[in-house]
Amino acid sequence: MRGDVVLCEVTGIGQHKFLAQRDGARNKLFVGDQVLLVYGARYAPDQFEAELPEDLGPCHLAAAGGIASRVVSRHASMADPTAVRPLGLVVDESEEVINLRSLARRVASGPYERPPVIAVLGTSMNAGKTTAVASLVRGLTRAGRRVGAAKVTGTGSPNDPGLMAAAGAACVMDFTDLGHPSTYQLDAGEVAAILRQTIEQLASDKVDVAVLEIADGILQPETAALVEASEFRDGVDRVVFAAGDAVSAVAGARMLTGQGVPVVAVSGLVTTAPLAVAEATRLLDIPVLSSGALADPAVASSILAAPDVPREFSADRVPGGPAVLTSALDTNAAAATA
């Protein structure tokens, strides 16, 4: 069932009033429309929790990217989900049900030299992870690097890969390219395999550096398991942590560092508040950097060089010296008060 393509009739318009397309277009939905969706689960604390249906009975459009599922809980700010009625599974010329796995991109076979890999993790949905990824891509591209970008986990949507491409990534992919509509409730080994295959594919594209987004928060089950996996420990060189406020920035960075994860900077929505930046900076030995700072080629390059820095990361040890990070923190304050 997971990943099967299903033809559905829209029976009620709710939260999602549009269906997002790969090219960025949004098709407005009307009751009676027939649309192609894909069965998948969803984990989105700020929107919907949705489970895979066990049959072809009525269900919901759980995400604008085209996920058909049964919503079991929703954030208080969300309207009821858009309702759909499955009409039947879609088959190919051999009358086999079309599943995303059958359409998956074939991962290039190696061996290839693995590029440096920066992963962006966060406290939760909407912590600023995708913005941090795009900003890093822009900064590293401006520094003359060929950058590959990917979203490793989450729920299928064209928005995030589109933003990565717009930021200048030379090649972009995500888990949907590997045949998964979402990664919620996948086996831990499958999620780890997505990470490994993503890095292998970007390596085959001869990028100088890969920037990866790990969706949802570090307490989300699949994310927590991935961080503990050997594929993550062997494949990721440094981590930028996105947080919404100073407390979660400090707690999350310390939690990950305690697990041996090489967190080298904090970013995210916390950087929109100068006082929050000051609070976090007082308690962390790593820089707190706005999206504007990450897009600066000197700062992005200092993040890239961070594996050469001891784990007790501090401003006077950052390649480029204190001036780089002082400038970055000034950029934080300017962005927050703009």
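The values are calculated or read from the model by the stated rules, or taken from the named source; none is laboratory data. Worth saying up front: this structure is predicted, and the values here are computed from it rather than measured. FYI the Cβ positions are ideal-geometry reconstructions off the backbone, even for glycines, and counts take in every protein chain you see. These accessible areas exclude ligands, DNA and RNA; they are computed on the full protein's heavy atoms, side chains included. Shrake-Rupley method; radii C 1.70, N 1.55, O 1.52, S 1.80 Å.
Here the label points at Gln185 and Glu9, each 7 Å from Cα along the C-beta direction, are separated by 2.6 nm in the simple model.
Sequentially through segment 174-185, phi angles give Karplus couplings (6.51, -1.76, 1.60; θ = phi - 60°) of 8, 4, 5, 5, 9, x, 10, x, 7, 10, 5, 6 Hz, Gly and Pro residues having no value and appearing as x.
Check every DSSP H run in the chain and write down those whose alpha carbon atoms cover 27 angstrom or more along the long axis and whose mean Kyte-Doolittle hydropathy is -0.5 or greater. Show your work: numbers first, answer last.
On the way: long enough: none.
Length and hydropathy pass: none found.
The modelled label-to-label distance between Glu51 and Ala79, using points 7 Å beyond Cα along the C-beta direction, is 2.6 nm. Put simply, the Cα atoms of segment 1-158 extend 50, 44, 27 Å along their principal axes, the longest span coming first.
Take the chain and mark each of the GluC sites (Glu not before Pro) that is in a DSSP loop with at most 12 other Cβ atoms within 10 Å; the longest unmarked stretch, sites excluded, is 114-311. Once the 1.4 Å probe is applied to the protein heavy atoms, segment 18-172 comes out at 49 Å² accessible per residue.
Roughly to the nearest percent, how much of the accessible area of segment 13-109 is carbon and sulfur, given a 1.4 Å probe? Before the final figure, lay out each step's value.
Numbers: 2670 of 5530 Å².
Its accessible area is 48 percent carbon and sulfur atoms.
A full extension of the chain between Arg142 and Ala305 corresponds to an added length of 57.1 nm, given 0.36 nm per residue minus the alpha carbon distance.
Would you please put 171-178, 135-142, 10-17 in order of how densely packed they are, using the mean number of other Cβ atoms within 10 angstrom per residue and starting with the highest?
Numbers: 171-178: 23.0, 135-142: 25.4, 10-17: 17.5.
The densest-packed peptide leads the list: 135-142, 171-178, 10-17.
If I compute solvent accessible area with a 1.4 Å probe over the protein chains, what percent of it on segment 131-247 is carbon and sulfur?
47 percent
Taking the chain as a Gaussian network of alpha-carbon nodes connected by springs under 10 Å, the highest mean-square fluctuation of the residues Phe241, Phe30, Phe48 belongs to Phe30. Note on Met1 and Leu36: the model spin-label points, each 7 Å out from Cα along the C-beta direction, lie 2.2 nm apart. Placing unit charges on each Cβ (+1 for Lys and Arg, -1 for Asp and Glu) gives segment 145-211 a dipole about its Cα centre, and among Phe175, Ala192, Gly148 the Cα reaching farthest toward its positive end belongs to Gly148. Sequence-distant contacts, meaning Cα pairs under 8 Å at least 6 residues apart, place the relative contact order of the chain at 17 percent. Taken over the chain, the convex hull of the Cα atoms encloses 134 Å³ per residue.
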